[in-house]
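See structure below.
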Amino acid sequence: MEIREQRIGFDQNMPPLRHAVIAATGFLLSLVFLTSTFLGHFLADAPSVPVESSGLPAVVLPEDPPASTTTEQTVATDTTAVDTTAPPPIYYPVSGEATASLSGKLNSDFAILMRTSDGASVAELEADARMYPASMTKIMTLILACEYVESGAGSLDDEIEITWDMIKGVYDGDGSNISLQIGEVVNVKDMIYATMLPSACDASAALAWYVGGTEKEFAKLMNEKAREIGMTGSSFKNSSGLYHKEHYSTARDVATMLNYAIQDPFMREVMQTEEYTISGTKYHGRRTLRSTLSKMLSGYSGTQVLRGAEILGGKTGTLDEAGKCLASFAESEDGELYILVTAKASGS
């Protein structure tokens with residue numbers, strides 16, 4: 001799909017409402033092109049962090065690790081139903097104008113563009129349809145881990161010892177990882193950045209056990225938080241977004257979740273970080289992690305130029321069942337902050 005570049009311009013006599021719609025539309029078209037280039041520039045959601053192979057041990061498994069007969073993620077099996085009585089999110093069309101439809105205009109099956117100042121949905125496509133969120137799920141893991149620390153229950157300096165029970169689901173499900181080893185001791189802050197930048201599923205699992213005690217209990221906390229912040233169409237089964245038939249969300253819910261997260265200064269800082277160096281352990285030296293979103297944007301090239309807005313941060317996601325996904329936030333030239341969520345793109 002060819003997307004023409006657009007620069008947002010404003011007529012002094014044009015109603016302010018049309019200003020916002022035009023600005024949002026220009027931003028959307030630019031970001032749609034970025035999303036549609038995932039296949040060429042971002043083939044994997046979260047490749048493992050490159051490390052020197054010399055002297056690096058392979059993942060050490062127990063003598064008789066549990067056998068896996070399916071690629072479906074089954075770490076968490078909580079079947080708590082989503083509370084449909086929860087208050088709806090604060091989405092509504094701009095007064096006097098209908099929300100624009102994106103039908104036939106995107107390479108993604110699901111999408112929503114929202115303005116954060118008032119929660120208005122500017123444009124959308126099947127925004128309330130059930131879909132797999134893939135690693136956009138990790139935004140919820142970030143929320144729970146950070147709020148656990150901010151509540152005083154934990155600390156960014158707390159240490160987590162990696163166990164087989166923590167990470168077995170990651171390796172059973174072939175999740176992206178940073179090669180955490182059984183017995184390795186890591187700290188909470190490093191695991192937060194490892195979860196969000198290279199999208200490491202072993203890091204998100206470590207945070208789940210740190211906060212919830214087990215992945216199953218953490219999933220219950222995820223669903224409770226989802227209801228609390230107005231996510232009405234989501235069901236979480238794990239901390240990473242690995243496939244589970246009952247792990248799902250909607251584009252509107254993901255936008256609600258991201259909008260909630262970026263209100264917290266530290267969470268927003270994490271999602272805007274391009275690179276972060278984690279501490280060395282007895283299994284690994286210091287390693288620099290790079291954001292999957294940053295990798296995608298740096299690989300973007302050609303005659304098309306992003307006009308009218310600056311992408312600040314977000315979270316990518318890739319899964320066979322979910323396609324290529326992106327939840328990002330950006331600031332337009334007039335200072336307005338927007339969130340765009342697109343899901344299930346097949347690629348270019």
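The values are calculated or read from the model by the stated rules, or taken from the named source; none is laboratory data. Note that the structure is a prediction, hence the values are computed from the model and not measured. Backbone-built Cβ (ideal geometry, glycine too); neighbour counts: all protein chains shown. With ligands, DNA and RNA removed, areas are computed over all heavy atoms of the protein, side chains included. Shrake-Rupley method; radii C 1.70, N 1.55, O 1.52, S 1.80 Å.
Here are a few things to note about the model shown:
- Just one of the numbered conditions (1) surrounded by 19 or more Cβ atoms within 10 Å (Cβ to Cβ); (2) more than 27 Å from Glu124 (Cα to Cα) is not true of Glu275: (1).
- Yes/no for Asp264 being open to solvent by less than 40 Å² (accessible area, probe 1.4 Å), of a type in the set (D, E, K, R) and farther than 18 Å from Ser204 by Cα: yes
- When the strands (runs of 3 or more DSSP E) confined to region 249-348 are screened for residues that are modelled with pLDDT under 95 and small (Gly, Ala, Ser), those reaching at least 1 such residues are found at 309-319, 323-332, 337-345.
- Only one of the listed residues (Lys295, Lys237, Lys315, Lys245) is surrounded by fewer than 18 Cβ atoms within 10 Å (Cβ to Cβ) and out of contact with any Ser or Thr (no Cβ under 6 Å at 6 or more places or on another chain). That residue is Lys245.
- Residue count for region 170-183 satisfying the condition of being under 20 Å from the mean Cα position of the chain (by Cα), of a type in the set (Val, Ile, Thr) and assigned to a loop (DSSP other than H, G, I, E, B): 1.
- Residue check, Gly280 of a type in the set (Gly, Ala, Ser) and within 17 Å of Gly119 (Cα to Cα): no
- When region 170-219 is filtered for residues that are open to solvent by 10 Å² or more (accessible area, probe 1.4 Å), within 14 Å of Ser279 (Cβ to Cβ) and free of Cβ contacts under 8 Å to residues at least 40 places away in the same chain, only Lys189 remains.
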